[in-house]
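Chemist: Take this structure, written in structure tokens, and hold onto it; I'll ask about it next.
The values are calculated or read from the model by the stated rules, or taken from the named source; none is laboratory data. Note that the structure is predicted; figures quoted are calculated from it, not measured. No Cβ is skipped: glycine too gets one built from the backbone with ideal geometry, and neighbour counts run over all protein chains shown.
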Amino acid sequence: MSPTIQPTKPKLAVVVLSYNGRELLNKFLPPIIKSKTDYTEIYVVDNASHDGTYEFVQEHFPEVKLIRLEVNKGFTNGYVASLPMIDADYYALVSSDVEVLEGWIEPIISLLDSNPEVAVVQPKIKSYNNKKEFEYSGAAGAYIDKYGYPFCRGRLFFTIEEDDAQYQDNREVFWCSGACMFIRSEVYHQLGGFDNDYYAHMEDIDLSWRVKNAGYKVMVCPQAVVFHVGGHIISYGSPPKIFRNYKNGMIMLLKNLPAGQVWWIIPYRLLLDGVAGIRALVKGNSKECGAILKAHFEFWSGLPKWIHKRKEAKKAVNNPNRNGVYPRSIVVQYFLLGKRKFSDLNW
């Protein structure tokens, strides 16, 4: 690793995590540099790339501070290993496949500065490949239902809305996308940061949930806009992504659900996951079914560890904030009642 010592502490550190992202950085790093404010430092964390990323950034973007990780231990570890080396009031965690627009920083910093109860904020996240649409993860604010299923303002399951400025208000949500999230550094470290056992996927929801369990607010600020390519490392709908979503989703529920809910929501989710596995098998998708079975095997085989994590997470619980939890089943609303847009939901 090669941390850089800085003479003064910036308010904001924009931290771009990259793995074999040389071409992405060549395209998306210049807009980040152009948008730099006088209180911002920009970092690139090279997560053990083997495409010459470190040398490329060093040569072409000398104003950027570089941290090199010698071994890639997953998306979560990229931040777990690098953020303790970076001193700033706020972190903006940005994937290498994110394109920012001019003025993406100021509205979010203003929101954070104005309310110390706000700990995490995301911009509006739109699709890079179809810029009229929201992006799958994050969109215009993200939620979970009472059973722990995540969804977004602008995306319910497989239905992604076009952005017609219908979701422009700053509002409290439940979680922020790891593609681009701003977080108070003090809160990040106080809560132990990303859970490294996730490797990738659901780590952003888990962190947001722990932030809310500690009594803070998580918000979306649509005045700031970024575009996300998505699926760069693990493609959407692939067996590895399905495996991690199911496994990490169960870990997340066990860690963070209130005591009065964990005993019945976990069995309910197991039942629905079983239905999803049977459905995949009937449709001839044996790989998807296999990924779900593998996820449940690894969840149950690691149960003592996850129970220990729950005990540790509960130590930070303080006046939990439940805003952003949908009081009904999003599965029922979407698949049985045919509600396809966030605006169709009854709260």
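Chemist: How many of the residues making up the stretch 170-191 are under 16 Å from residue 76 (Cα atoms) and assigned to a loop (DSSP other than H, G, I, E, B)?
Modeler: Total satisfying the criteria: 5.
Chemist: So is residue 156 modelled with pLDDT of 95 or more and surrounded by fewer than 24 Cβ atoms within 10 Å (Cβ to Cβ) or not?
Modeler: Yes; evaluated as a whole, the condition is true for this residue.
Chemist: Can you give me the ranges of the helices (runs of 4 or more DSSP H) entirely in the stretch 249-321 with at least 1 residues that are surrounded by 14 or more Cβ atoms within 10 Å (Cβ to Cβ) and of a type in the set (Asp, Glu)?
Modeler: Answer list for the stretch 249-321: 259-282, 286-301.
Chemist: Looking at the stretch 170-186, is at least one residue within 16 Å of the chain's Cα centre (by Cα), modelled with pLDDT under 95, crowded, with 17+ Cβ neighbours inside 10 Å and of a type in the set (Ser, Thr, Tyr)?
Modeler: no
Residues are listed down the side, and each one gets a yes or a no for (1) outside the structural domain of residue 245 (by TED's automatic domain parsing); (2) under 23 Å from residue 84 (Cβ atoms); (3) among the hydroxyl-bearing types (Ser, Thr, Tyr); (4) in contact (Cβ under 8 Å) with a residue 12 or more places away in the chain:
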{"position": "135", "(1), (2), (3), (4)": "yes, no, no, yes"}
{"position": "147", "(1), (2), (3), (4)": "yes, no, yes, yes"}
{"position": "150", "(1), (2), (3), (4)": "yes, no, no, yes"}
{"position": "154", "(1), (2), (3), (4)": "yes, no, no, yes"}
{"position": "181", "(1), (2), (3), (4)": "yes, yes, no, yes"}
{"position": "207", "(1), (2), (3), (4)": "yes, yes, no, yes"}
{"position": "220", "(1), (2), (3), (4)": "yes, no, no, yes"}
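Chemist: Are any of the residues in the stretch 124-131 over 15 Å from residue 101 (Cβ atoms) and either of a type in the set (A, V, I, L, M, F, W, C) or surrounded by 16 or more Cβ atoms within 10 Å (Cβ to Cβ) (or both)?
Modeler: Within the stretch 124-131 (the criterion being over 15 Å from residue 101 (Cβ atoms) and either of a type in the set (A, V, I, L, M, F, W, C) or surrounded by 16 or more Cβ atoms within 10 Å (Cβ to Cβ) (or both)), the answer is no, since none of the residues qualifies.
Chemist: Looking at the structure I just gave you, is residue 41 charged (D, E, K, R), under 24 Å from residue 106 (Cα atoms) and surrounded by 14 or more Cβ atoms within 10 Å (Cβ to Cβ)?
Modeler: Yes.
Chemist: May I pose another question? Select, from 167, 147, the only residue that is in a loop (DSSP other than H, G, I, E, B) and at pLDDT below 95.
Modeler: Being in a loop (DSSP other than H, G, I, E, B) and at pLDDT below 95 holds for just one of 167, 147, which is 147.
Chemist: Just to verify a result, which residue in the stretch 187-207, among those that are out of contact with any Lys or Arg (no Cβ under 7 Å at 6 or more places or on another chain) and among the small types (Gly, Ala, Ser), is surrounded by the most Cβ atoms within 10 Å (Cβ to Cβ)?
Modeler: 193
Chemist: Can you give me the number of residues within the stretch 30-54 that are without any contact (Cβ under 8 Å) to a residue 60 or more places away in the chain and within 16 Å of residue 96 (Cβ to Cβ)?
Modeler: So the answer is 15.
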